[in-house]
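The values are calculated or read from the model by the stated rules, or taken from the named source; none is laboratory data. Source: prediction; values computed, not measured. Counting neighbours? That spans all protein chains shown, and the Cβs are built from the backbone with ideal geometry, glycine included.
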C-alpha cells in the first residue's frame, strides 16, 4: 500500500512538472506518404526515452523532427518554452541546447578531432561575446531613448495588440457561420475499403483562410510586448582568446574521459567507427546540451565496437542527462531506458516502462515485433 | 631574315614581350579572383534552401546569369563590356579593369557550376551535423562544406583557370591603355610585331605559344602542391 501511494505521488509530481520537450500532434508527410501521424508526447528532464519500432515506422523521422532537421508538416514541438516549428524563433540557439548523434557519425572530415569538438563552442562563444558587447555599448543611449519616448511606444504597442484582437474577433464572427455550413457538407464515402470523410472544397478553403488569419493575429498578440530597458550583460569570457582556451580545455577533458587524448590532432578518416562515434557524442556534449538525441548510434558499427559506444551512452544517462534514443539494441533499451516508445506506422503504438513493455506487451504489432527481434 | 637574326630581334624586344606576358597574367589573375568570389556566392545562392522570397529571387537571377554568360562567346562579352557597358572606362588612361571584369564575370558563371557540383558531392550528413550543433546555414557552409567541396573540385577549378589564362588572348581585340600608353597582351604583341616587322611574325607566334605553355606547366605544378596539401585529412591508400 505504501508503495502504491508513493507511486501515485511520484506520477503526480511528474505530471505537475513542466516537460522539457512537449510534442503536440506532430505530423510529417513526405509527399503523399504519411510518416508521422499526429504524435503527441511529453519528455521530462532526466528521462531517458528509448524509441523502438520496425524500420520505416517513422522513429528516425520523429527524432529528426525534434530538432527540426526535418520540417514537420503540422503540429508543434515545445522545447524549453520555445515552439520549434515557429519560423520566427532562432532555431540555431535552440539547437545549441540539443545535442544530436547520427548513425553515420558525421564528423567534420576537414577538421581534426579537437577542432571538431571545439568548432561550435568557439563560434557560439564569440557570437555571444559580440552580442554582449553590442548590448552593453548601446545600453545607455537606448535606455535614455526609451525613457524619453515611453508613452509613445507603449501606445503604439497597445494599438497593435488592440488591432490584432479586433481582427481575431471579426474573423471569429465570420468563421462561425462558415463552420456550420462546412459541417453540413460532410460526406462519408468508401474507397478501397476505407472510410473517407470529405467536405465541400470551397468552404474548406474559406475556413482555412479564416483560421490562418486568426492564428497569425494570435501569434502577433502573443509576441508583442512592451519594450524593456536593456540591462548590462556580463560576458562569459573577456576576449576571444579565452573562449578558444576554455573550449580547448573542455574538449581535452572530454577526450580524456573517452580515452582518446592522443587522437586530438588527427583527422577523422584515420579513426575506427567506434572512436568516431564516441567523438561524435563528445562533440554534442561539448555544447552542454539540455537533451541528447541519438539516431541509431550503433547501427553502422562493427559488432565489437558497439559495446564501447553503448557504455559511454550509459554513463551519460547515469549522470542524469535527458536523452531520446532510437535504437535496435533491445537489451540496451531495457537497461538504460526509463520509458520506451514503440512507434509503428507513424503512431506511438505503446508507451510504457521498459519492464512492462518488454514483459507484458499489449499491442499486437509490438508482440509480433518483439517476437521477431528477441528471437 | 635568318634564324639567328630573328632570335636576336626577339631578344632585343624582350622587355616588351615580358611586359605583355605580365599584362596577360594580370588580367587572368584579376579575373580568377573575381570569378572565384562570384562563383562561391552564386553556388551558395543556387544551393540555399528556398525558404523565403529573397532567396528565390536571387536564385532566379543566378540562373539567368549562368545561362546568359555560358551561352554567349567570351569575345562577344568582352566587346559588349568594352563598347557598351563599361564604355566610360574605355576612354580612361588605365582601362585594364574592362577585361578583368569581363573575364571575371565570364569565369564566375563556370566557377559557380563547378563549386555547386563540389558542394553537392559533400555528404548531406555534414550539413546536418553542422546544423545540429547550432551553427547557422551560412557558417556550416563556410566552415565545413565549402572546404570539403573545394578539395573535390581543385582539378576542375584548375581546368577553368588554365582555360581562362589562355582565353585572355582574346583581349588583343580591344585597345588596352595603362597610364595613357597603349599596351598589348601576349597575342596582341604578336599582331603588333606582324605590322612592325612582318618577317618575325611566325617567330613571335611560337614565342607566345611557348610562354603560354610554360605558364600552364607552372599552374599544373601549383595544382599538384595544393592537392597534396589538401589531402592531409585523407587516409593514404
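Taking the criterion of being under 18 Å from residue A:110 (Cα atoms) and either at the interface with another protein chain (Cβ under 9 Å from one of its Cβ atoms) or out of contact with any helix residue (DSSP H, G or I) (no Cβ under 8 Å at 6 or more places or on another chain) (or both), the residues of the stretch B:147-169 that qualify are B:147, B:148, B:151.
Just to be sure, is residue A:73 under 13 Å from the mean Cα position of the chain (by Cα) and farther than 30 Å from residue A:252 by Cα? First the steps, then the outcome.
Details: under 13 Å from the mean Cα position of the chain (by Cα): no; farther than 30 Å from residue A:252 by Cα: yes.
For residue A:73, the condition - under 13 Å from the mean Cα position of the chain (by Cα) and farther than 30 Å from residue A:252 by Cα - is not met.
With respect to the conditions (1) farther than 22 Å from residue A:254 by Cβ; (2) within 12 Å of chain B (Cβ to nearest Cβ); (3) in a loop (DSSP other than H, G, I, E, B), residue A:108 lacks only one, and its number is (1).
Residue B:30 falls short of the stated requirement of being free of Cβ contacts under 8 Å to residues at least 12 places away in the same chain and more than 19 Å from residue B:120 (Cβ to Cβ).
When A:81, A:99, A:53 are checked against the criterion of being more than 8 Å from chain B (Cβ to nearest Cβ) and crowded, with 19+ Cβ neighbours inside 10 Å, a single residue qualifies: A:53. Does residue B:130 count as without any contact (Cβ under 8 Å) to a residue 24 or more places away in the chain, in a loop (DSSP other than H, G, I, E, B) and within 25 Å of residue B:51 (Cα to Cα)? No. When residues in the stretch A:278-300 are screened for being part of a helix (DSSP H, G or I) and either in contact with a strand residue (DSSP E or B) (Cβ under 7 Å, 6 or more places away or on another chain) or within 11 Å of chain B (Cβ to nearest Cβ) (or both), 5 of them pass.
Hey, can you tell me all the residues within the stretch A:142-192 that are in a loop (DSSP other than H, G, I, E, B) and closer than 30 Å to residue A:206 by Cα?
Our first condition is that a residue be in a loop (DSSP other than H, G, I, E, B); within the stretch A:142-192, this holds for A:149, A:185-186, A:192.
Residues satisfying the conditions are A:185, A:186, A:192.
Quick check: anything in the stretch B:149-159 within 16 Å of the chain's Cα centre (by Cα) and closer than 27 Å to residue B:91 by Cβ? No, the stretch B:149-159 has no match at all. Restrict the check to the stretch B:49-65 and report whether at least one residue is part of a helix (DSSP H, G or I), away from chain A (no Cβ under 14 Å) and within 24 Å of residue B:166 (Cα to Cα). For the stretch B:49-65, residues part of a helix (DSSP H, G or I), away from chain A (no Cβ under 14 Å) and within 24 Å of residue B:166 (Cα to Cα): present.
Checking the condition without any contact (Cβ under 8 Å) to a residue 40 or more places away in the chain, more than 14 Å from chain A (Cβ to nearest Cβ) and not in a strand (DSSP E or B), which residue from B:80, B:115, B:100 passes? Give the derivation first.
Details: B:115 fails: without any contact (Cβ under 8 Å) to a residue 40 or more places away in the chain; B:100 fails: without any contact (Cβ under 8 Å) to a residue 40 or more places away in the chain.
Checking each option against the conditions leaves just B:80.
A count restricted to the stretch A:352-365 and to residues that are exposed (fewer than 15 other Cβ atoms within 10 Å of the Cβ) and in a strand (DSSP E or B) stands at 0.
Collect the residues in the stretch A:112-121 that are in contact (Cβ under 8 Å) with a residue 60 or more places away in the chain, surrounded by fewer than 23 Cβ atoms within 10 Å (Cβ to Cβ) and within 10 Å of chain B (Cβ to nearest Cβ), keeping them in residue-number order.
A:112, the sole residue that qualifies.
The set of residues from the stretch B:121-146 being facing chain A (nearest Cβ under 7 Å) and either crowded, with 22+ Cβ neighbours inside 10 Å or over 13 Å from residue A:116 (Cα atoms) (or both) comprises B:125, B:128, B:129, B:131, B:132, B:133, B:134, B:135, B:136, B:139, B:144.
Do we have residue B:20 as within 15 Å of the chain's Cα centre (by Cα), modelled with pLDDT under 95 and crowded, with 18+ Cβ neighbours inside 10 Å here?
Details: within 15 Å of the chain's Cα centre (by Cα): no; modelled with pLDDT under 95: yes; crowded, with 18+ Cβ neighbours inside 10 Å: yes.
In short, no.
Summed over the stretch A:246-270, the residues that are within 27 Å of residue B:230 (Cα to Cα), exposed (fewer than 13 other Cβ atoms within 10 Å of the Cβ) and more than 14 Å from chain B (Cβ to nearest Cβ) give a count of 1. When residue A:153 is tested against (1) more than 13 Å from chain B (Cβ to nearest Cβ); (2) surrounded by 17 or more Cβ atoms within 10 Å (Cβ to Cβ); (3) touching a residue at least 24 places away in the same chain (Cβ under 8 Å), only condition (2) is not met.
From the list B:211, B:186, B:164, the lone residue that is under 18 Å from the mean Cα position of the chain (by Cα), more than 18 Å from residue B:106 (Cβ to Cβ) and crowded, with 20+ Cβ neighbours inside 10 Å is B:186.
In the set (1) crowded, with 18+ Cβ neighbours inside 10 Å; (2) farther than 29 Å from residue B:159 by Cα, the condition left unmet by residue B:46 is number (2).
Answer yes if at least one residue in the stretch B:98-107 is under 30 Å from residue B:233 (Cα atoms), crowded, with 18+ Cβ neighbours inside 10 Å and modelled with pLDDT of 95 or more, and no otherwise. Checked against the condition, which is being under 30 Å from residue B:233 (Cα atoms), crowded, with 18+ Cβ neighbours inside 10 Å and modelled with pLDDT of 95 or more, the stretch B:98-107 yields at least one hit.
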